[in-house]
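Asker: Handing you a structure now.
The values are calculated or read from the model by the stated rules, or taken from the named source; none is laboratory data. Please read these numbers as outputs of a predicted model, since none were measured by experiment. Cβ atoms come from the backbone with ideal geometry, glycine included; neighbour counts cover every protein chain shown. To get the accessible areas, we keep the full protein, side chains included, count just its heavy atoms, and leave off ligands, DNA and RNA. Shrake-Rupley method; radii C 1.70, N 1.55, O 1.52, S 1.80 Å.
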Amino acid sequence: MHVIIDWIVQTVGALGYFGIFVMMAIESSIFPLPSEVVMIPAGYLCAKGEMELWIVIALGTLGSIAGALLNYYLAVKLGRKLILKYGHYVFFTPETLEKVEVFFKTHGSFSTFTGRLIPVIRHYISLPAGLARMNLGIFCFYTGFGAGIWVSILTFLGYFFGQNEALLNEHLHTITIAVIAFIVVAGVIYIWLHKKKEHKRKSKKF
């Protein structure tokens, strides 16, 4: 583990800020690279005074948006054609695609934001957004919002605990659980508010 971390630190240090942008773009694309191995070492370099904290966070976030846009456009250009042609082989029908589109038109903002905070899902949440042709401006905003929070968490972890692997793993585990708990609570509140809004809308009709 130490060898890998040292290699990432050296790579980020050698490539500089551009390396952070490129690695986070890869992390957010269809070739997922764990964001932890990029942003935590970058945070450690900030603690050593070799990088500026705010620039690292900004470029990490922008890289995440760039990678997400790649997935988004792949889904827009190729996803629909592939699903309509081959989707039935994996039980993904045109009706399912229509449901995905309707879902993202209604809940795309919340799904995109929270998806960026969930391990594994953060790599692929852009694909259904692209399939549903989610508004690009809204997609970029909520992708950046969610990615910015996660990038900041990892960068600060590297800044404060980059030299202590045990403490780093402990805090990363705790924070991951806390973020997932936050998403669950936020999801419950979101569903409640959405149902309340729908009830009011239906009441006005009658």
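Asker: Rolling a 1.4 Å sphere over the protein heavy atoms, what is the accessible area per residue of region 28-78, to the nearest Å²?
Answerer: 42
Asker: Filter the cross-link list Lys77/Lys195; Lys81/Lys197; Lys81/Lys195; Lys77/Lys200; Lys105/Lys195; Lys105/Lys196 down to pairs whose alpha-carbon distance in this structure exceeds 26 Å.
Answerer: Long pairs (Cα-Cα over 26 Å): Lys77/Lys195; Lys81/Lys197; Lys81/Lys195; Lys77/Lys200.
Asker: Moving on to the next point. So what is Rg over Rh here for region 96-171, counting just Cα atoms and using Kirkwood for Rh?
Answerer: Checking Rg against Rh, the ratio lands at 1.14.
Asker: Could you compute the net charge surrounding Ser64? Neighbours are other residues with a C-beta less than 9 Å from the C-beta of Ser64; K and R count +1, D and E count -1.
Answerer: Charge balance near Ser64 sits at +1.
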